[in-house]
1. Scan region 225-235 for residues that are open to solvent by less than 60 Å² (accessible area, probe 1.4 Å) and either charged (D, E, K, R) or under 18 Å from THR206 (Cβ atoms) (or both) and jot them down.
2. How many residues does region 161-199 contain that are surrounded by fewer than 24 Cβ atoms within 10 Å (Cβ to Cβ), in contact with a strand residue (DSSP E or B) (Cβ under 6 Å, 6 or more places away or on another chain) and either in a loop (DSSP other than H, G, I, E, B) or among the polar types (S, T, N, Q) (or both)?
3. With the requirement that a residue be part of a loop (DSSP other than H, G, I, E, B) and closer than 12 Å to SER209 by Cβ, what does region 144-160 give you?
4. From the list ASP165, ASP145, exactly one residue is modelled with pLDDT of 95 or more, among the acidic types (Asp, Glu) and at negative phi. Which is it?
5. How many of the residues making up region 129-156 are over 19 Å from LEU228 (Cβ atoms) and either open to solvent by less than 40 Å² (accessible area, probe 1.4 Å) or polar (S, T, N, Q) (or both)?
6. Mind checking which strands (runs of 3 or more DSSP E) fall wholly inside region 240-321 and carry at least 2 residues that are charged (D, E, K, R)?
7. Could you please find all residues in region 200-223 being polar (S, T, N, Q), in contact with a Phe, Trp or Tyr (Cβ under 7 Å, 6 or more places away or on another chain) and part of a loop (DSSP other than H, G, I, E, B)?
8. Counting only residues that are among the charged types (D, E, K, R), under 15 Å from ALA220 (Cβ atoms) and in contact with a Gly (Cβ under 6 Å, 6 or more places away or on another chain), how many does region 230-272 have?
Amino acid sequence: MILLNSFSYNIAWTYLVLLCAESKVQAFQHHLQRPHHHPSQQDLYHHVVPSPTRTTNSNSNKIIHLCATENDENMVKSSDVVEKTKKREKVMAFLRKVGAVGGNKDFTTAMGVDEGPVGKNSNPMKEIAKTKSAYKWCTETGLIDDMSQPFPGSASGSEWAGFTDQVMGGISKGICTRETVEGRQCNVMKGKVSLYNNGGFIQMATALSTDPAKSLTVDASNFDGVELDVLYNGEDDVEKFNVHLRNSACLRQFSSYRGTFTCKNGKSWETVKIPFSDFVGYGPGSSETPFDPSELRRLGIVAIGKAMEVYLAVSGVRFYKN
């Protein structure tokens, strides 16, 4: 009886040991079959970065910062890009509003007086369609501008700029745009000239030098004058406008040599010529010095000396020979 009981006890004990071993083996096999034992990068990402529906604690947040460094950097970079883009859009919106970029040049509040700074290129090149070496100097071909380049660039490599009398206390207003008028690409100067407070002009102007680093002036002594293709649309049947030229004799910002042309009101283009012999000096330096076209700096097209509504289209500006 005792031997039977001992034998039964041994069998029971062996059976229990086998059961425990089998349970451990199954647990170990189950552990091996779990996906996170050999995780992929995607598994790690889902394990580390909580999903939107999963609540996280502070430890989880710390793990994100420690284990997802590259992702965090990308997020920060992306945030920086968005912020910079927003700032850039605000700046560009402001520049478009004041006419500094885009298809308009609004010079209602432009700094500068009639003729621009003495001895300086008052409208330096900013962003042009061609390199400087690709442009020909206006004295090589006679062409100052045919409006073929993106506005406000000129065909000779400079740029158009605008000036009003407001810096002198006047209240004249104007804009310059690039438009197609009666089948031609042209600069259109439009606005209102007021004689209030000793004012009385608006103008669009361009430097004549293709490369100010080489020379601020051009020698147009081989030509006989200035020629323009114009279209006027206004209140009167005819209207007078000026061309102002500056050279080294012009000692002040308001010094220039001025020639006048007359154009008819209508929808037809016409070509006007102003001989160099018609240009008269105004202001210190130029008023007492005969006009010399061998050192020209700048050309301006001006509505001046009369209260008027202005609409003047210009499709071509050239030096001409008889």
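The values are calculated or read from the model by the stated rules, or taken from the named source; none is laboratory data. All values reported here derive from a predicted model rather than from experimental measurement. No Cβ is skipped: glycine too gets one built from the backbone with ideal geometry, and neighbour counts run over all protein chains shown. Heads up: the accessible areas ignore ligands, DNA and RNA and are worked out on the full protein's heavy atoms, side chains in. Shrake-Rupley method; radii C 1.70, N 1.55, O 1.52, S 1.80 Å.
1. GLY225, VAL226, GLU227, LEU228, ASP229, VAL230
2. So the answer is 1.
3. Step one: of region 144-160, the residues part of a loop (DSSP other than H, G, I, E, B) are 146-152, 154-158.
Within region 144-160, SER154, SER156, GLY157, SER158 meet the criteria.
4. Numbers: ASP165 fails: modelled with pLDDT of 95 or more.
Just a single option satisfies the conditions, and that option is ASP145.
5. 3
6. On the way: elements: 256-264, 270-275, 280-282, 296-304, 308-320.
Answer list for region 240-321: 256-264, 270-275, 296-304, 308-320.
7. Step one: of region 200-223, the residues polar (S, T, N, Q) are 203, 206, 209-210, 215, 217, 221-222.
So of that shortlist, the ones also in contact with a Phe, Trp or Tyr (Cβ under 7 Å, 6 or more places away or on another chain) come out as 203, 206, 210.
Passing the criteria: only THR210.
8. Going residue by residue through region 230-272, those that are among the charged types (D, E, K, R) are 235-237, 239-240, 246, 252, 258, 264, 267, 270.
Then keep just the ones that are under 15 Å from ALA220 (Cβ atoms); that gives 246.
So of that shortlist, the ones also in contact with a Gly (Cβ under 6 Å, 6 or more places away or on another chain) come out as none.
Residues flagged as among the charged types (D, E, K, R), under 15 Å from ALA220 (Cβ atoms) and in contact with a Gly (Cβ under 6 Å, 6 or more places away or on another chain) within region 230-272 amount to 0.
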